[in-house]
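Here is the structure we will look at, set down as structure tokens.
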Amino acid sequence: MSGQNSRTLLKFYYQNTRWALLRLLGRGRIHRSEAYVSDAYERAYRDEPYGDTSADLSRDRKVFRDGRLEYASAIEYKSFLLELFSNELMASGARSMLELGSGRGVFTLALAALHPELEIIRGIELTPSGVRTAEHFLTEPPLELLAKLTKISPAVIQSRLSGRDIRFITGSIRQLPFADREFDFVFSNSVIEQIADDYLDVFREAARVTRTTACFSEPFREAQRNFFQRLHLANIDYFRASYHEVERAGFAITRFTVPAFQKFEFSTGFLVAAPTTPKEPKAI
């Protein structure tokens, strides 16, 4: 490992040890309640409603790839995750899709562009500002960003998004405003990480509305590379439970993997699951 990488790791270990000591002393404690998350993201989306798409296209971040510490663009990492979800979506044969915590809607729109076979597409987002931005992007898609993510031409993206049944809804993923078995495919991408206390409510609701397949890319305990990553998640009060918790919520585990391409600060596991209760027949 290079000297720079060694210094980066030592700094990370030192900071997390220091934060842990402060927490023991009752200082610097974060409690990531739904109200806390809503307020933080509402401010972020309101202050910068369309995000920094140029940064998404160019910014480098520290990552682990195949066990090595290196730098990669944010768009490269997001495109990698998008492909994971896209592959599962294709394998499921889904015709309807729900994103939990859709934010500005970019991931939802990218999957819609990749999968013209989807007939019903929904995103649920906690913050009104996030939904307003997603609705703006639905009308005026960020074509350069979507093209980089999907590797589809802007003209094709524009054509595939036009006239689709795509809607973004304000609401809590702890209490989904949807019917039982309403969606073939339900997914979250680093969203349940924000709800360290109430994750079982989210998994139960996801199981209720899922007909066939659910995918969760979240910082499950089994995905963490070492003690310091687990400590970091505790320090920032992120979700960090076992992926087996979904079984308590009404899912059967199909597959769990830890992708080779990961963030530096903590790792995400990729979980594919199916609801354990019988499927309701689709209306004819």
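No value in this document is a laboratory result; all are computed from the given coordinates. The structure presented is a predicted model; accordingly, all values stated were derived computationally and were not measured. So basically every Cβ, Gly included, is an ideal-geometry build from the backbone, and we count neighbours across all protein chains shown.
Consider segment 170-188. How many of its residues are among the acidic types (Asp, Glu) and out of contact with any strand residue (DSSP E or B) (no Cβ under 6 Å at 6 or more places or on another chain)?
Of the residues in segment 170-188, 2 are among the acidic types (Asp, Glu) and out of contact with any strand residue (DSSP E or B) (no Cβ under 6 Å at 6 or more places or on another chain).
For segment 244-267, the set of residues classified as under 18 Å from the mean Cα position of the chain (by Cα), within 28 Å of Asp180 (Cβ to Cβ) and surrounded by 20 or more Cβ atoms within 10 Å (Cβ to Cβ) consists of Val246 only. Among the residues of segment 203-214, how many are buried (at least 24 other Cβ atoms within 10 Å of the Cβ) and touching a helix residue (DSSP H, G or I) at 6+ places or on another chain (Cβ under 6 Å)? The number of residues fulfilling the criteria is 2. Look through segment 163-193, keep the residues that are β-branched (Val, Ile, Thr) and either part of a loop (DSSP other than H, G, I, E, B) or out of contact with any Leu (no Cβ under 9 Å at 6 or more places or on another chain) (or both), and return whichever of them is surrounded by the fewest Cβ atoms within 10 Å (Cβ to Cβ). It comes out as Ile169.
Can you find a residue in segment 157-175 that is touching a helix residue (DSSP H, G or I) at 6+ places or on another chain (Cβ under 8 Å) and free of Cβ contacts under 8 Å to residues at least 24 places away in the same chain? Scanning segment 157-175, I find at least one residue that is touching a helix residue (DSSP H, G or I) at 6+ places or on another chain (Cβ under 8 Å) and free of Cβ contacts under 8 Å to residues at least 24 places away in the same chain, so the answer is yes.
Go through the residues of segment 224-233 one by one and say whether even a single one is under 25 Å from Ala94 (Cβ atoms) and out of contact with any strand residue (DSSP E or B) (no Cβ under 8 Å at 6 or more places or on another chain). No - not one qualifying residue is present in segment 224-233.
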